[in-house]
1. Taking a label point 7 Å from Cα toward Cβ, how far is B:GLY77 from its twins in the other copies, in nm, shortest first?
2. Taking a point 7 Å out from Cα toward Cβ as the label site, list the nm distances between B:PHE58 and the same residue in every other copy, smallest first.
3. Compute and list, largest first, the equivalent-ellipsoid semi-axes of the range B:1-58 from the alpha carbon gyration tensor, each √(5λ) rounded to a whole angstrom.
4. Hey, could you grab the Kirkwood Rh for the protein assembly as shown? Inverse mean 1/r over distinct alpha carbon pairs, Å, one decimal.
5. For the range C:79-84, what does the Karplus curve 6.51 cos²θ - 1.76 cosθ + 1.60, with θ = phi - 60°, yield as ³J(HN,Hα) per residue in whole Hz, taken in order and with x for Gly and Pro?
6. Write out the GluC sites (Glu not before Pro) in the range C:9-95 meeting two conditions: DSSP loop, and at most 12 other Cβ atoms within 10 Å of their Cβ.
7. Using the crude model of +1 on Lys and Arg Cβ and -1 on Asp and Glu Cβ, and no other charge, please compute the dipole size for the protein assembly as shown relative to its Cα centre, in debye to 20.
8. Considering chain C, what Rg and Dmax in Å follow from its alpha-carbon atoms?
Amino acid sequence: VSAHDEIRALNQRYARAADERDIDALERVFHPDAEITGARGTASREGWLDTMRGPRAFPTSMHVLGDPLITMEHPDGDVASVDTYAVVYQLGDDASGSGDMTLGIRYLDTVERHDGRWVVTRRVAKTLWMR
Amino acid sequence: VSAHDEIRALNQRYARAADERDIDALERVFHPDAEITGARGTASREGWLDTMRGPRAFPTSMHVLGDPLITMEHPDGDVASVDTYAVVYQLGDDASGSGDMTLGIRYLDTVERHDGRWVVTRRVAKTLWMR
Amino acid sequence: VSAHDEIRALNQRYARAADERDIDALERVFHPDAEITGARGTASREGWLDTMRGPRAFPTSMHVLGDPLITMEHPDGDVASVDTYAVVYQLGDDASGSGDMTLGIRYLDTVERHDGRWVVTRRVAKTLWMR
């Protein structure tokens, strides 16, 4: 399996873990020393996981990630930049959709291969729009 | 072309065949003995194709599939699990969108290579949300 | 990096350049002799770039491209057909979303490798729906 395909799988494992609120699986996506920057500032992996352990504002979510733009300095290297467009559906209880929120997010990640496994070492999540 | 890329193409051929209601192309996506499970229970390929031959509830559809999460037990094997997030736009005639339906669907597929060609042998389609 | 991965990156560079209105980056996506066909007819690369230099109808856009269906006549060839489903979010200033427009677009591209770099030589953009 190519590095590109492994990195794509990392992205998709993140999406499923986030939607299932599977904290163990989320933990495996990130390096222990990862820095995660979002609307609320920069957090360590543990700090960020703590927010994910908290109550959900929306009962259901779906992180639909587009094909990532992967840039590697060296084709056989262990570091890559990953730029991913995502539409995140945050769904309320109301089937009418009146309580839903949809976000356009751009994930700018640095990913590294450690012990043969790709992990995110740095993430900047930019919310492009929210409805 | 790698197995990963062939499996991705299979996904995309499904999307286009479904949107164009091209029954012959849909048939080629699935193995003759495939089992397809959806909201209405489990169907054989022929039974499922019959429902696709029926009248369309919406004149236009667009199956936008995200990057699939592909898991192969053996990199050179002939079997893979494919987990795909999709947003399916079912569009009514009304440009206002009042008659549209949008679905968040997760396809959990087993795909196999038969005679050098990947086909879906088992699909479970889970509707995550509907608006 | 495989031809498939380079072509996917070309698609994603297009999306980001379009959203950032980065005319130089858009220029690099297309061959100098490219023909681009859309709702307003067929344009040369320069003619099309001129329209992109003009005022924006919407302050923000996001081109979310699904996984492309890539077809190469020869696996090691320098020509491919690329069929991409995209959802293009055109966002107005109003957070309520009342001034937004969302389009379902299918890009049917011919891409070629020139001097080791993939570029679009022909694009037909079909708007499947608009809301």
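1. Label-point separations across copies, in nm and ascending: 3.3, 3.3.
2. Its label point is 1.8, 1.8 nm from the equivalent points in the other copies.
3. Numbers: eigenvalues 89, 41, 19 Å².
The answer is 21, 14, 10 Å, longest axis first.
4. For the protein assembly as shown, inverting the mean 1/r across all distinct Cα pairs yields 22.0 Å.
5. Those phi angles translate into 9, 8, 9, 10, 10, 10 Hz.
6. Values: sites: C:GLU20, C:GLU27, C:GLU35, C:GLU46, C:GLU73; in loops: C:GLU73.
In loop regions of the range C:9-95 (DSSP not H, G, I, E or B), the sparsely surrounded GluC sites (Glu not before Pro) are C:GLU73.
7. On the way: 48 positive and 66 negative charges, 220 e Å.
That gives the protein assembly as shown a dipole magnitude of about 1060 debye.
8. Rg and Dmax of chain C, Cα atoms, are 14.9, 49 Å.
Rule-based calculations on the coordinates, nothing more; no lab input. The structure displayed is predicted, hence computed values, not measured ones. Cβ sites come from the backbone with ideal geometry, for glycine too, and all protein chains shown count toward neighbours.
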